[in-house]
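**Student:** Questions regarding the structure given below will be posed in turn.
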Amino acid sequence: MLATADVVSALQPKFPSVAPRTSADHAAINVSAAEALPLLRSLRDEMRFDFLCDVTAIDWSAEVSPRFTVVWHLFSTAMSDYLRVASDCTDDAQPAMASAVELWPAANWHERECFDMFGIQFPGHPDLRRILMWDGYPYHPLRKEFPLAGLPTDLPDAEIAAEIPTKVISAPMAGGPFVASSGEMNLTDSEPRAKDESWNERREKPNT
């Protein structure tokens, strides 16, 4: 398995901000936002990390600064090994990170999801728009301040709104708090479910 210390030693001469990152599984490093994209390019072209598995983000909470961290999970098909790269966004109010779409086209939808869920901008992205929530949705559901049960929101679609008695729902619609049953049962039945599913019952109720 690739060692974090070896990765740091190989990268630090060219990227001074590289530092080891605590990890329970694979090698992991931190890098500054300014060096993130050049480092990712070097990992792809010089260290054979040719496959982008995922791009995600962390919101550490409004009480922490830097608040947002972008994380890339890379895989080398030549070495059969993983590497995690993390970089803090420098602006808590308007978080941003250079887009990696030019390096891995698969970053396109991952970055759109981070933009949608966390509100992180990705300068250089060819089409940065929401991917799960609708255009004009005023919140970012994976931010720490967003409640599990969702927030009352006007529905944008007249057809959907017509199926629900009120045009204002808590979105996302299947919010928490979540509960799960334990014991031997069908896996489908053991899936976590929202305590309040009245919105779903209203939709499923046949017209009378």
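The values are calculated or read from the model by the stated rules, or taken from the named source; none is laboratory data. Note that this is a predicted model, so its numbers are computed, not measured. Quick reminder, even Gly has a Cβ in these numbers, built from the backbone with ideal geometry, and neighbours come from all protein chains shown.
**Student:** Quick one: which of 34, 24 is in a helix (DSSP H, G or I), under 21 Å from the mean Cα position of the chain (by Cα) and free of Cβ contacts under 8 Å to residues at least 40 places away in the same chain?
**Tutor:** So the residue among 34, 24 that is in a helix (DSSP H, G or I), under 21 Å from the mean Cα position of the chain (by Cα) and free of Cβ contacts under 8 Å to residues at least 40 places away in the same chain is 34.
**Student:** Here are the criteria: (1) under 18 Å from residue 34 (Cα atoms); (2) without any contact (Cβ under 8 Å) to a residue 60 or more places away in the chain. Tell me which single one residue 100 does not satisfy.
**Tutor:** Every condition holds for residue 100 apart from (2).
**Student:** Select from region 1-21 the residues that are basic (Lys, Arg) and either surrounded by 13 or more Cβ atoms within 10 Å (Cβ to Cβ) or in a helix (DSSP H, G or I) (or both) and list them in ascending order.
**Tutor:** Across region 1-21, the qualifying residue is only 21.
**Student:** Which one of these does residue 55 not meet: (1) within 18 Å of residue 124 (Cα to Cα); (2) under 18 Å from the mean Cα position of the chain (by Cα); (3) without any contact (Cβ under 8 Å) to a residue 40 or more places away in the chain?
**Tutor:** Tallying (1) within 18 Å of residue 124 (Cα to Cα); (2) under 18 Å from the mean Cα position of the chain (by Cα); (3) without any contact (Cβ under 8 Å) to a residue 40 or more places away in the chain, residue 55 fails exactly one: (3).
**Student:** Give the residue that is surrounded by the fewest Cβ atoms within 10 Å (Cβ to Cβ), with candidates limited to residues of region 58-75 that are of a type in the set (S, T, N, Q) and on the phi < 0 side of the Ramachandran plot.
**Tutor:** In this case the residue turns out to be 65.
**Student:** Do the conditions hold for residue 55, that is, is it modelled with pLDDT of 95 or more, surrounded by 20 or more Cβ atoms within 10 Å (Cβ to Cβ), among the β-branched types (Val, Ile, Thr) and touching a Ser or Thr at 6+ places or on another chain (Cβ under 6 Å)?
**Tutor:** no
**Student:** Regarding residue 78, is this residue exposed (fewer than 13 other Cβ atoms within 10 Å of the Cβ), assigned by TED's automatic domain parsing to the domain that holds residue 26, over 17 Å from residue 66 (Cβ atoms) and at pLDDT 95 or above? So that I can check it myself, show each step before the final result.
**Tutor:** Details: exposed (fewer than 13 other Cβ atoms within 10 Å of the Cβ): yes; assigned by TED's automatic domain parsing to the domain that holds residue 26: yes; over 17 Å from residue 66 (Cβ atoms): yes; at pLDDT 95 or above: yes.
Answer is yes for this residue.
**Student:** May I pose another question? I'd like to check which strands (runs of 3 or more DSSP E) are fully inside region 43-133 and have at least 2 residues that are of a type in the set (Ser, Thr, Tyr).
**Tutor:** Where strands (runs of 3 or more DSSP E) fall fully within region 43-133 and carry at least 2 residues being of a type in the set (Ser, Thr, Tyr), they are 68-76, 81-88.
**Student:** Output the qualifying pairs, or none if there are none: Cβ atoms under 7 angstrom, residues six or more apart or on different chains, first residue in region 109-127 and assigned by TED's automatic domain parsing to the domain that holds residue 97, second residue surrounded by fewer than 20 Cβ atoms within 10 Å (Cβ to Cβ) and of a type in the set (Asp, Glu).
**Tutor:** 110/54
**Student:** While we're looking at this one, here's another question. Please determine, by comparing only the residues of region 101-154 that are among the small types (Gly, Ala, Ser) and modelled with pLDDT of 95 or more, which one is farthest from residue 89 (Cα to Cα).
**Tutor:** Once the filter is applied, the top-ranked residue is 106.
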